[in-house]
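Each value in this text was obtained by applying a stated rule to the coordinates, not by laboratory testing. Treat the numbers as computed from the prediction; the structure is a model and nothing was measured. Cβ placement follows ideal geometry from the backbone for every residue including glycine, while neighbour counts extend to all protein chains displayed.
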Amino acid sequence: MASEAGRARLYHVELPMRTPFDHPAARRRTSDSLVLSLSADGVTGLGECAPRSYVTGETTASVRGALEQTDLGALFARLTDGPPEETLGLLHRDGFARVFAVDGGNNLLCLLETAVLDWLGRRLGADARDLLPPGPATGAGPASALPVSQVLDLSLDTEEFLATRGPFHFVKIKASDDVEHDARTVRTLRDKLGDDVPVMVDANMSWTPANAVGHAHRLREAGTDWVEEPLPKGSWDALRTLRRDGGVRVMLDESVCTARDARRAVESGACDAFNIRVSKNGGPLPAAGLVAYARENGIRFQFGVQVAEVGPLINAGRALAFAHPDALTVEAGQSDRFFPQMIVAPPPAVDRDTNTLRPAGGTGWGMDLTGHAERWAVRDL
């Protein structure tokens, strides 16, 4: 639906991936993102979500349906009604859902929030970090570069990973269905990398309460520091037992999608860290709120990605990372490896010689759609 105040266009982006990505919960060969373009007062903002049914229960189809039921005319009216700096301040204070009176799942809210924040950034001439609540004062000034983690998924063998994906600052291994295989992988990495590089095994909910402690002991013997989301979502009691008896620290991902989830995890003693992902957590502003909650409760955090993000989500996540450089690690994604041709310019980059990130340039999320995006346009709203 177009309104007098603005226009919107939706893209369902299914870019073929040059390099596949496999883990216990899914196999991915194409991207599966929704990208939204909002145009008003001569300015266009871009948003993105990457729904995954096994994470939040949402799919691209369900988010499209929810978006079609959203009153975008009212959204545009609210967006253009007052000074953009005032709107941004209200978003920081009250959150997107309340300011724009939008109800929906995390990915719908993320899609709209990222587009609105990008629009505001462009109107204000503000870069990505200025769109988010400030992180803690460090006295050291803003970081100019951040190291990123490397992920060994099931499509890549260990020797090739070691030969082609360094230098290594933090390694995440996607678990197989054989803990002995995973232990050998960890041991091989430890033998090559030494003891200073943290190693985490991401089981993607594939363990059970009956085998989790045994698996954790085996992996710890091999040199694992962390396990990520080892049990089915919300297994609070079993996670507490695993932390107590398993000998490894536990990071939660799929179990922590909302602020309520985070409170339950902390109150249950279920984790040592959160994996914060912009799309899963409902947008960059709720994600920033989870960072603050984690700090208040002595919980570590990392900034993760949905596999195969294609545009605004990438730079939104990186903006969060630069606002909070004390994160355990940052997953920068692999869009440069996955997609020979992207739908945005400039394409988000990682310095693969050092495996580090630099802040995005420009205003808003610092990117525009290219002509390659048009083949994925599905509806004017």
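Hey, what angle do you get for helix 84-94 against the long axis of the chain, alpha-carbon based, 0 to 90 degrees rounded to 10?
That works out to roughly 40 degrees.
Positive end of the dipole of the chain, charges at C-beta (+1 Lys, Arg; -1 Asp, Glu), about the Cα centre: which of Ala210, Cys110, Asn275 has its Cα farthest in that direction?
Farthest towards the positive end: Ala210.
Below 8 Å between Cα atoms, with a sequence gap of 6+, how large is the relative contact order for region 238-308 in percent?
31 percent
Nearest 10 degrees, 0 to 90: what angle lies between the long axis of helix 312-323 and the longest principal axis of the chain (Cα atoms)?
70 degrees
Find how much the distance from Leu154 to Ser53 grows on full extension, using 0.36 nm per residue of separation minus their present alpha carbon separation; answer in nm with one decimal.
34.3 nm
Using a 10 Å cut-off around each Cβ, can you sort His372, His181 from fewest to most neighbouring Cβ atoms?
Going from sparsest to densest Cβ surroundings: His181, His372.
Within region 61-92, whose backbone N sits under 17 Å from a point 7 Å along Cα→Cβ of Asp41?
Only 73-92 pass the distance filter.
Let a ≥ b ≥ c be the square roots of the eigenvalues of the Cα gyration tensor of region 247-317; is it rounded (a/c under 1.5), or, if not, prolate (a/b larger than b/c) or oblate?
It is prolate, given that a/c is not under 1.5 and a/b is the larger ratio.
Fewest to most neighbouring Cβ within 10 Å: what's the order for Asp182, Asp195?
Listing Asp182, Asp195 from fewest to most nearby Cβ atoms yields Asp195, Asp182.
If you take the square roots of the eigenvalues of the alpha-carbon gyration tensor of region 146-369 and sort them as a ≥ b ≥ c, do you get rounded (a/c under 1.5), prolate (a/b over b/c) or oblate?
oblate
Tell me, what is the percent relative contact order of the chain, built from C-alpha pairs under 8 Å that lie six or more residues apart?
Normalised by residue count, the contact order of the chain is 23 percent.
Calculate the dipole size of region 60-153 relative to its Cα centre from +1 charges on Lys and Arg beta carbons and -1 charges on Asp and Glu beta carbons; express the result in debye to the nearest 20.
Rounded to the nearest 20 debye, it is 80 debye.
Considering only DSSP beta bridges where both residues belong to the chain, give the percentage that are antiparallel (nearest 5).
Looking only at bridges with both residues in the chain, the antiparallel portion is about 55 percent.
Using Cα pairs under 8 angstrom and six or more residues apart, how large is the relative contact order of region 177-252, in percent?
So the answer I get is 35 percent.
Using 0.36 nm per residue of separation minus the Cα-Cα distance, give me the extension gain between Asp22 and Arg352 in nm, one decimal.
My answer for the length gained is 116.6 nm.
Taking neighbour counts of Cβ atoms within 10 Å as a proxy for exposure, in what order, fewest first, do Glu374, Glu309 appear?
Glu374, Glu309
Enter the angle in degrees (range 0 to 90, nearest 10) between the Cα long axis of helix 284-296 and the first principal axis of the Cα atoms of the chain, meaning the one along which they spread out most.
That helix lies at roughly 40 degrees to the long axis.
Report the FRET efficiency, 1/(1 + (r/R0)^6), for Glu85 and Thr30, where r is their Cβ-Cβ distance and R0 is 41 Å, rounded to 0.05.
In this case the efficiency is close to 0.55.
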